[in-house]
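Participant: Here you go, one structure.
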Amino acid sequence: MRPVFYVLSFLAVMALAFWAYRENYATQQALKDVSGLNREIAALREGLSVQRAEWAYLNRPDRLRELAAINFDRLGLLPLEADQFGAADQVAYPPEPLFNFTQPVNVMGQQEEPL
């Protein structure tokens, strides 16, 4: 009976060792994948910051004003001026509510008991 127990124990240890070996390599591969994704995210964030800087550079007001003046014949764009905007008194604000329900309401009468 002991030899059978020893053989079964040996096989169980070998199976656990094989499982641990596979899990170790799977974990290392997952860590490499995560590292690669982190590098890719960092590169994309860097590219996004470069694109934001380029967008800010291309949208300078003096540059846009110059382009509008150069292309006035084709586009007909006029420069923005303060009198083109409405005044604050022309803004339509929402009306005041008809009822103010911030205070509790007293109910007169008695409530019927449910059956």
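Participant: Accessible area of the range 1-78 with a 1.4 Å probe: how many percent of it is carbon plus sulfur?
Facilitator: 66
Participant: Measuring from label point to label point, each 7 Å out along Cα→Cβ, what is the D33 to A69 span in nm?
Facilitator: 5.8
Participant: A further question follows. Express in nm, to one decimal, how much length is gained between A53 and A12 on full extension, taking 0.36 nm for each residue of separation and deducting their alpha carbon distance. Display every interim value, and only then the final one.
Facilitator: On the way: separation 41, 0.36 × 41 = 14.76 nm, distance 6.11 nm.
Working it through step by step, the gained length comes to 8.7 nm.
Participant: Scan the chain and report its longest stretch carrying no chymotrypsin sites (Phe, Trp or Tyr not before Pro) that are both in a DSSP loop and have at most 14 other Cβ atoms within 10 Å. Intermediate values should be presented prior to the final figure.
Facilitator: Working: sites that count: F85, F99, F101.
Longest gap between qualifying sites, sites excluded: 1-84.
Participant: May I pose another question? Taking every pair of distinct Cα atoms and averaging 1/r, then inverting, what Kirkwood hydrodynamic radius in Å comes out for the chain? Present the calculation step by step, with values, prior to reporting the outcome.
Facilitator: Values: mean 1/r = 0.0396 Å⁻¹.
Kirkwood radius, the chain: 25.2 Å.
Participant: Whole number in Å², please: accessible area per residue of the chain, 1.4 Å probe, ligands, DNA and RNA not counted. Please report the intermediate quantities before stating the final value.
Facilitator: Numbers: 12000 Å² over 115 residues.
It amounts to 104 Å² per residue over the chain.
The values are calculated or read from the model by the stated rules, or taken from the named source; none is laboratory data. These numbers were taken from a predicted model, which means no experiment stands behind them. Heads up, the Cβs are rebuilt from the backbone with ideal geometry, glycines too, and the neighbour counts pull from every protein chain shown. The protein model used for the area step is the full one, side chains on, heavy atoms only, and it has no ligands, DNA or RNA in it. Shrake-Rupley method; radii C 1.70, N 1.55, O 1.52, S 1.80 Å.
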